[in-house]
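Novice: If you scroll down you'll find the structure; I have some questions about it.
The values are calculated or read from the model by the stated rules, or taken from the named source; none is laboratory data. All figures in this text were calculated on a predicted structure; none of them were measured in a lab. With ideal geometry, Cβ positions are generated from the backbone for all residues, glycine too; neighbour counts draw on all protein chains shown.
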Number of protein chains: 4
Amino acid sequence: MTKRFKAAVIGGSGYGGGELIRRLLLHPDVELVRVASVDFIGEPLSAAHPNLEGRTDLKFEGMSPAEAAQGMDVVLLGLPHKVSATKMPELMATGARVVDLSGDFRLRDAALYKKYYHAEHPCPERLTDGTFVYGLPELNRDAIKKAKYVASPGCFATTIELALMPLAKAGLLDGAVEVVGITGSSGSGVVPSAGTHHPVRAVNLRTYKPLDHQHIPEITQTLRDAGAKNVDIRFVPVSAPLSRGIFATCFAHVSEGTSADQIRALYKETYKGEPFVRVPEKRLPEVAAVSGTNFCEVGVQPGTDGAEPGKRVVACFSVTDNLIKGGAGQAIQSMNLMLGVDERTTLEDPGGWP
Amino acid sequence: MTKRFKAAVIGGSGYGGGELIRRLLLHPDVELVRVASVDFIGEPLSAAHPNLEGRTDLKFEGMSPAEAAQGMDVVLLGLPHKVSATKMPELMATGARVVDLSGDFRLRDAALYKKYYHAEHPCPERLTDGTFVYGLPELNRDAIKKAKYVASPGCFATTIELALMPLAKAGLLDGAVEVVGITGSSGSGVVPSAGTHHPVRAVNLRTYKPLDHQHIPEITQTLRDAGAKNVDIRFVPVSAPLSRGIFATCFAHVSEGTSADQIRALYKETYKGEPFVRVPEKRLPEVAAVSGTNFCEVGVQPGTDGAEPGKRVVACFSVTDNLIKGGAGQAIQSMNLMLGVDERTTLEDPGGWP
Amino acid sequence: MTKRFKAAVIGGSGYGGGELIRRLLLHPDVELVRVASVDFIGEPLSAAHPNLEGRTDLKFEGMSPAEAAQGMDVVLLGLPHKVSATKMPELMATGARVVDLSGDFRLRDAALYKKYYHAEHPCPERLTDGTFVYGLPELNRDAIKKAKYVASPGCFATTIELALMPLAKAGLLDGAVEVVGITGSSGSGVVPSAGTHHPVRAVNLRTYKPLDHQHIPEITQTLRDAGAKNVDIRFVPVSAPLSRGIFATCFAHVSEGTSADQIRALYKETYKGEPFVRVPEKRLPEVAAVSGTNFCEVGVQPGTDGAEPGKRVVACFSVTDNLIKGGAGQAIQSMNLMLGVDERTTLEDPGGWP
Amino acid sequence: MTKRFKAAVIGGSGYGGGELIRRLLLHPDVELVRVASVDFIGEPLSAAHPNLEGRTDLKFEGMSPAEAAQGMDVVLLGLPHKVSATKMPELMATGARVVDLSGDFRLRDAALYKKYYHAEHPCPERLTDGTFVYGLPELNRDAIKKAKYVASPGCFATTIELALMPLAKAGLLDGAVEVVGITGSSGSGVVPSAGTHHPVRAVNLRTYKPLDHQHIPEITQTLRDAGAKNVDIRFVPVSAPLSRGIFATCFAHVSEGTSADQIRALYKETYKGEPFVRVPEKRLPEVAAVSGTNFCEVGVQPGTDGAEPGKRVVACFSVTDNLIKGGAGQAIQSMNLMLGVDERTTLEDPGGWP
C-alpha cells in the first residue's frame, strides 16, 4: 500500500529522533523514507535504537539536511540547538514542511535567544516574521494546520504551559509564578555526562540552572500569547532518578474573588475535547499514568490561605513524558495537523500501568 | 464500525488485566464488551489503571465469570492461580473461547501441580485430556489456531523456554541446565508486600524460591515437548530493582562436537520469520530493548572451556517484558491466532528507547 | 567497659527504630539495654533489621513503654503519631529522659494538632507548658542541653526549616513562602502500601496532601520562633523514586534592598560552626552528598527579577537524609546534647559517594 | 592527639579512592597525610567527593606516586589497572607498605594477566616471587599480617570466592561452576559511559563479557589456593539498575554423598568468628542488608535433584557492597592487619536499612 506522504528524520540518532522514527514506522499515512545523521552513518537504525532491531531496513545516511529533505512532504529535525538554526535556510529552500524539535525557532525575541542559548541567532528575521508557528496544539491548533514550519515546544515548557494555560486563557494569570519542574534523565539526551551517570543519578535529587533555565522565556511568551499579563516565571528544574517523565508544580496567585470551585471548573472546561490533555476526576496528575504516551495530565489545588492581600494561591500540577508529549510525540501531533490527517494517528496508545 | 468479535476480561483489576484491556481497547477486530472484577465494582477502569483515564466508559462489573462470558467470542482470564481452575467448568459451559493467564492449566501432571501450587487441582482430567493448548506460539502456533482453550505461559517460563528452545528443537538439550532469571517487580502483581516495598526493593537484589519455583515443571514440560531429553532445570529467580523486564541466563551443556558457529546459526535459524522473537546481530539481549513491547530477544555465547568430558557449556540469554510477552501480550497473540486475525494485531509497537 | 548511660528504644521495629538502634550499638557512652516493640516479640532485632544480623544478641521485647523505661537514663520513642501521646504520661512517671520521634509534642497549639493529625490531643497541657523542647539543635541547642523531654522534628520540617532559617533569624522572612519538598520512599515507613509499591513508585512522581501536609504548622511555628514574621508556608510534597533523601526548594520573597551578596553571606554566616549543616562552596545542595549521614546541605539562589514591587525572590535549597538528620540521627544528636556527651558522637561519618 | 601511622592515597579521585579517604579520615590510628591524583590538582577533596564537603582541608596533590609515598607507613593505590603495575617499582623503592586496589598483582600467571588485561605485565617477576599477598583476609589473614605488599581482590572476585570458599576449603569443589554475578553501576567507576548512562541503565538488565570476565582467573586461582581441584568457572556478569551491590549465584556440583545438612553446617562453620562474613540464620543473602558496609552475606541452597550421576547441585549465594567489601573497605581491612591494629577499625558500622 502506498502511503500518501513522504517524511525524513534529520538528526535521528538521539532519543527524540528514535521516538520520531518509531511513530513514523507505525504511521498509516506517512512513509519514513530516510534518516540522516552525522553518527552511525551506514549502520542500521538499531545501532542507535536497539528497540528497532529487525523493524526496518533503513540505515543512517550521511546526508546534509537539504539533501535529506529532497522530495519530502515533511522533515522532522532532531538536531541540537544552534545547529538547527544554521541549517534552516537550506532546508527551507527545499520546499518541504519542517517540524523542528530544537529551541531555535520558538522565541520571537532574538535578544532573549542570545541570553538563554548563549549565541547570536543566525537568522533572527525568522523569529519575528511569522514563518514558524509554535507547535502547541492546545493553543495554536488552527495555525499549526496551516503552517509550513513548526517550532515544537520544549519538554519543561510544554508541561508548565499546559499546567497554567487555563488560568492564562481566563485572564487570571498575572505576576509571579513559582515553578518546580522535576525531570527524568532522558531529557538530558543520549550523550553520557556527569549529571546522568547512573551511580549518582540513581540516588540523587539536585537542581541545575535554577531561575535561569532556557525554557523560562519560552513559557513566558506562550502564556502571554494565551492571555497572561505580566507573568514572571521563577523556575527551578530538579533532576530525579527516573528515566522518563516530568512533574511540574506551579504556584499561581489569582484574585481572591475567584473561588476554588470556579478554578476547578475552569480546568475541566479548558481541556474538554482535547485529545491529549486530561484532568483526572479523582486524583492529581502522576507521571506513571502518562509515561510512554503522548498524554498530559493536569490538575489543580486551590489554596485557602491568604498571606497576600487580595490573592489566593493556586497549586497547579502537570505531568508529561518528556520525550513524547514533551518532545517527539507532540512533533508528530503537529505533523499530523499540518498534513491534514487525524491528529491522533500513532499517538493513541494509553501506555502501560505501571 | 462494528468489530467482528466480542471479548470480556475476567479478573481485570491487576497488572495483567490492565495490559489486556489496553490492547483490546486498541484492537480493530475485537470489541471489549465488559470487564469483570471482584474489586472496584461500579468504578471506572481508571480507578485501577490510571493510564486508562478518559479512554473508555467501561466500569468494573461485579459479575460471575460465567455471566461475564455470556455472548462473548472470547474471554481472557486475569484471575489468580487456583481461582481460575475453580471457575473453569462454568466458563466452559458458556461456549466462549478462553485464554487463561493463570498457571492452572499449563501442567499436564496433576501431581506436579499439587507440589508446586500447593493445592489439589479441582479438575485434573482437564490437564491430561488435551482441552488446553499451551499458548507459546513459537512452539504451538498451529495448535493455538485450532484451540478453544489456551493456557498462556508464565513470565519466567516464556523467557527461559525461548532462550533454550533452539537447543531443544535441535535435540541438543540434555541433562542439567542452570538458570538465573532476574525479574522486575511488576511480576509480583498489584498487591503491595514486603518484597515489593519500594524503600528496600529499590536498592536490593535477592533470591526467592531458589531451585523451587513453580515455573520449573512448566519449563521442563515445554522443553521436552520441543525435543529436549532428560532436561533438569535448576532455576534461581532473583528480584531486581526495576519495574518491568526479565533477563534470563541459562547454562546448557551440549555435545563438544557442536561448534560455536553451529550454535549461533541454530539460534538465527530457529527464530527466522518469528514475528516476536529476534536474535540481535551485534549484541546480546537487553531488557530495555524490549520493555513495553511483545518482543523477546534471544542470544547465545558458546564457551570454549571443557571441564566436563565431551561437553561444551553454552550461555543462553533471553529478555522479555514480563507483563507483555511474558503475560498479557502473549495472551493477545494467542487470542489473535484463535480468532484468525493477524497474530501481530496491537502488538507491533517496538516501544521506546530507553 | 561499662558505658555511662543506659538507653531503651521503644517502638523499635520501624525504619526510625532501626536507625536509632544502629547508632546506639556503636555509641561509646550509651548502652542500648533493650528494644520494646509490639511486633517481632521474642525475635532477634535482625528479624526487622537485616543489617543488624549478628551484631547484637538483643531481642524485641513485648514490654509496655513504662516497663521498658524502667532504670533507663534515656528512652527514644519510635512510636506512631497518636500512640506516643497516649503513652507519654506513664513514661514521664518513670523519670527517664525522653526523645520522641513522633509528631505528638512538636506543636504548641492543640487546635492545629487536631486539624492536621485528625485527633484530639490526649494531654494538650503538655503542648503549652514547656515540658518539651523542639529538638532542632541549630535553633534550640542550649534548651535541648537542659531538656528532659525532646520532641524531635519531622523530616520535611527539618529540611525546610534549615533552608529558611538564615532568612528567619535575620528578620528577612515575611509573608508567603512556596515550597516543594521531594522525598524518597523510606519516609513512608516500613508498612507496604499503594504509594510505596515498587512497580509504580519506581517510575512515578506524584504529590500527596498538597497545601495540607501536617508539617506546615510545625515549620511555621519553628520559623516564627527563629524570627520570621507572618510566614505563610504553601507546601507541596512530591514522592520520587529513590529510597532515601529529601530535596526542598523554597521560594522566599525578601526586601529588594537586600542584595544577592548579602543573602549568600547570611547563609554562610548562619551555619558557620554548625557540625551538621553546611553550605557548599561551589555547588548547590544534592541528596547524594548527604544520604546515609546526619548532614544537611543548604544553598541559596537569589533572583534578579522583580515582579513584586519592592521584593526579590530567593530560591532556597536544602537536602537531608530523611531517616537520619530528618529523623533518628537528629534524635541521637539531641540525646547526646541532653546527656552532655559530644553532640557528634556516632554521627560523624560523611557517608559514601555515591 | 598524634596518630601512630601515616598514610597516603594515590589515585584518589575515583569511587574507590573516595571510600579509602572516608575511612582514613575516621581512623583513630592512621593519619591521612595526603591524596595524590592526576585530576582535580589543587582542588579540595570535595571537588571529586561531595560527601567530604567541609570534612577535611586536604587538597588533591599532583605528585608522582613515589613522591606521595615518601615518609608514609602505608600507601593505598586507587590507580587504574596497568598504571598500578607501571608505578610499582618506584613505589617499592620508597619503603612504604602498599595496598593496591588494581588487578595488576593479583594473578600469579603472567600469561593469564596478558590474556584478560590485554597487556604485557611490566614486572612479571613480581607475580611469582611472593612479593604480593592476595588481600582476602578470610583466606590469607596471617599472610596479610606479615605482608608488606597486598593485592586487594576485585569486587566480583571477592563476592564469588566467599560464596564458594566453604566448599573449596572442604575439598568439595571440583569441576564446573556456573556463576551469574549481578552488579550495581558504581563498579564501573566514576567516568560516564554508555553502559552507565542513567536513562537506559535505570530500566535495563544486560550482560557484558559473558564467560570472559577478567575476574575468572582470579577466582579460579583463589579457590584452588583454598582447596578446590579442577575448578572451572563459567561466569556471566549482569548489569542491574542499582548503584551499589553485587549478588552472586553459583551452581556448584558436589558429591551426592554430601548431605544438605552437612553443606549447611559447613557454611556456618567456615565463617564462624569471621568479623565480616556472616551466614544469616533464617534467610538468604540480600544486597540491601550489606550495602554501605564491609559485610558479606553468604548462603546456600542444596538441590535435591540428580541429573548428573553421583552429583548434587548446590546453589551458593553471596552479596557485598562492591565498593567496600568488594573494594576499599577490604583494602582498609588489609591495611589494619598489616599495621597490627584491630582489623575491624572504621569498618564496623552495620549500615542502614534500607
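Novice: When you check residue C:303 against the structure, is it at the interface with another protein chain (Cβ under 7 Å from one of its Cβ atoms), buried (at least 21 other Cβ atoms within 10 Å of the Cβ) and either at pLDDT 95 or above or more than 24 Å from residue C:183 (Cα to Cα) (or both), yes or no?
Specialist: Yes; evaluated as a whole, the condition is true for this residue.
Novice: Quick one: residue C:276 ticks every box in (1) more than 14 Å from chain A (Cβ to nearest Cβ); (2) hydrophobic (A, V, I, L, M, F, W, C); (3) surrounded by fewer than 18 Cβ atoms within 10 Å (Cβ to Cβ) bar one, so which box is it?
Specialist: Just one mismatch for residue C:276, condition (3).
Novice: Given (1) surrounded by fewer than 21 Cβ atoms within 10 Å (Cβ to Cβ); (2) touching a residue at least 24 places away in the same chain (Cβ under 8 Å), identify the lone condition not met by residue B:143.
Specialist: (2)
Novice: I'm trying to understand the selection: among the residues of segment D:1-27, which are within 12 Å of chain C (Cβ to nearest Cβ) and of a type in the set (S, T, N, Q)?
Specialist: D:13
Novice: Return the residue satisfying two criteria in turn: it lies in segment D:164-184 and is facing another protein chain (nearest Cβ under 7 Å) and within 21 Å of residue B:181 (Cβ to Cβ), and of such residues it is nearest to the chain's Cα centre (by Cα).
Specialist: D:182
Novice: Another one. Can you tell which of B:344, B:283 is part of a loop (DSSP other than H, G, I, E, B) and without any contact (Cβ under 8 Å) to a residue 40 or more places away in the chain?
Specialist: B:283
Novice: Scanning segment C:192-215 for residues that are in contact (Cβ under 8 Å) with a residue 24 or more places away in the chain and either crowded, with 23+ Cβ neighbours inside 10 Å or assigned to a strand (DSSP E or B) (or both), which turns out farthest from the other protein chains (Cβ to nearest Cβ)?
Specialist: Filtering first and then ranking leaves C:215.
Novice: Taking the stated definitions as given, is residue C:54 within 22 Å of residue D:268 (Cα to Cα), surrounded by fewer than 23 Cβ atoms within 10 Å (Cβ to Cβ) and touching a Ser or Thr at 6+ places or on another chain (Cβ under 9 Å)?
Specialist: So residue C:54 fits the description; yes.
Novice: Can you tell me which of (1) touching a strand residue (DSSP E or B) at 6+ places or on another chain (Cβ under 9 Å); (2) over 23 Å from residue C:350 (Cβ atoms); (3) not aromatic (Phe, Trp, Tyr) is the one residue C:229 doesn't meet?
Specialist: Single failed check for residue C:229: (1).
Novice: Say whether the condition of being in a strand (DSSP E or B) and hydrophobic (A, V, I, L, M, F, W, C) is met by at least one residue in segment C:56-63.
Specialist: Taking every residue of segment C:56-63 in turn, at least one turns out to be in a strand (DSSP E or B) and hydrophobic (A, V, I, L, M, F, W, C).
Novice: Test each condition in (1) over 23 Å from residue B:175 (Cα atoms); (2) facing another protein chain (nearest Cβ under 10 Å); (3) among the acidic types (Asp, Glu); (4) surrounded by fewer than 24 Cβ atoms within 10 Å (Cβ to Cβ) for residue B:308 and report the one that comes out false.
Specialist: It is condition (1) that residue B:308 fails.
Novice: Select from segment B:282-294 the residues that are at the interface with another protein chain (Cβ under 8 Å from one of its Cβ atoms) and of a type outside the set (Lys, Arg) and list them in ascending order.
Specialist: B:284, B:285, B:286, B:287, B:288, B:289, B:290, B:291, B:292, B:293 - these are the residues of segment B:282-294 that are at the interface with another protein chain (Cβ under 8 Å from one of its Cβ atoms) and of a type outside the set (Lys, Arg).
Novice: Criterion first (more than 13 Å from every other protein chain (Cβ to nearest Cβ) and closer than 22 Å to residue C:194 by Cα) does residue B:45 satisfy it?
Specialist: No; evaluated as a whole, the condition is false for this residue.
Novice: In segment C:32-51, how many residues are touching an Asp or Glu at 6+ places or on another chain (Cβ under 9 Å), farther than 22 Å from residue D:279 by Cα and buried (at least 18 other Cβ atoms within 10 Å of the Cβ)?
Specialist: Residues in segment C:32-51 being touching an Asp or Glu at 6+ places or on another chain (Cβ under 9 Å), farther than 22 Å from residue D:279 by Cα and buried (at least 18 other Cβ atoms within 10 Å of the Cβ): 4 in total.
Novice: Determine, yes or no, whether residue C:102 is touching a His at 6+ places or on another chain (Cβ under 6 Å) and closer than 13 Å to residue C:10 by Cβ.
Specialist: yes
Novice: Now for a different question. What residue, among those in segment A:263-273 that are away from chain C (no Cβ under 14 Å) and aliphatic (A, V, I, L, M), is farthest from the chain's Cα centre (by Cα)?
Specialist: Residue satisfying both the conditions and the ranking: A:265.
Novice: List the number of the failed condition for residue D:244; all other conditions in (1) crowded, with 24+ Cβ neighbours inside 10 Å; (2) at pLDDT below 95 hold.
Specialist: (2)
Novice: Identify the single condition in (1) touching a residue at least 40 places away in the same chain (Cβ under 8 Å); (2) within 11 Å of chain C (Cβ to nearest Cβ); (3) more than 21 Å from the chain's Cα centre (by Cα) that residue A:319 does not satisfy, given that it satisfies every other one.
Specialist: With respect to (1) touching a residue at least 40 places away in the same chain (Cβ under 8 Å); (2) within 11 Å of chain C (Cβ to nearest Cβ); (3) more than 21 Å from the chain's Cα centre (by Cα), residue A:319 is out only on (3).
Novice: Tally the residues that are over 30 Å from residue B:198 (Cβ atoms) and part of a loop (DSSP other than H, G, I, E, B), restricting the search to segment A:227-246.
Specialist: 5
Novice: Could I ask something else about it? From C:281, C:297, which residue is of a type in the set (D, E, K, R) and surrounded by fewer than 23 Cβ atoms within 10 Å (Cβ to Cβ)?
Specialist: C:281
Novice: Against the definition (touching a residue at least 40 places away in the same chain (Cβ under 8 Å), acidic (Asp, Glu), surrounded by fewer than 23 Cβ atoms within 10 Å (Cβ to Cβ) and not in a loop (DSSP other than H, G, I, E, B)), how does residue A:269 come out, yes or no?
Specialist: yes
Novice: While we're on this one: Scan (1) at the interface with chain A (Cβ under 10 Å from one of its Cβ atoms); (2) in contact (Cβ under 8 Å) with a residue 60 or more places away in the chain; (3) closer than 30 Å to residue C:352 by Cβ; (4) of a type outside the set (Phe, Trp, Tyr) for the single condition residue C:189 breaks and write down its number.
Specialist: Condition not satisfied by residue C:189: (1).
Novice: Return the residues of segment D:339-354 that are away from chain B (no Cβ under 14 Å) and surrounded by fewer than 24 Cβ atoms within 10 Å (Cβ to Cβ); say none if nothing qualifies.
Specialist: Within segment D:339-354, D:339, D:340, D:341, D:342, D:343, D:344, D:345, D:346, D:347, D:348, D:349 qualify.
Novice: Which of (1) more than 10 Å from chain B (Cβ to nearest Cβ); (2) surrounded by fewer than 24 Cβ atoms within 10 Å (Cβ to Cβ); (3) β-branched (Val, Ile, Thr) does residue D:222 not meet, given it meets every other one?
Specialist: Result: residue D:222 passes all but (2).
Novice: Taking segment C:304-340, which residues are in a loop (DSSP other than H, G, I, E, B) and not polar (S, T, N, Q)?
Specialist: Selection gives C:305, C:306, C:307, C:308, C:309, C:310, C:321, C:323, C:340.
Novice: In the list A:227, A:257, which residue meets the criterion of being more than 9 Å from every other protein chain (Cβ to nearest Cβ), touching a helix residue (DSSP H, G or I) at 6+ places or on another chain (Cβ under 9 Å) and surrounded by fewer than 22 Cβ atoms within 10 Å (Cβ to Cβ)?
Specialist: So the residue among A:227, A:257 that is more than 9 Å from every other protein chain (Cβ to nearest Cβ), touching a helix residue (DSSP H, G or I) at 6+ places or on another chain (Cβ under 9 Å) and surrounded by fewer than 22 Cβ atoms within 10 Å (Cβ to Cβ) is A:227.
Novice: Please go through segment D:115-138 and pick out each residue that is touching a residue at least 40 places away in the same chain (Cβ under 8 Å) and of a type in the set (Asp, Glu).
Specialist: Answer for segment D:115-138, where residues must be touching a residue at least 40 places away in the same chain (Cβ under 8 Å) and of a type in the set (Asp, Glu): just D:138.
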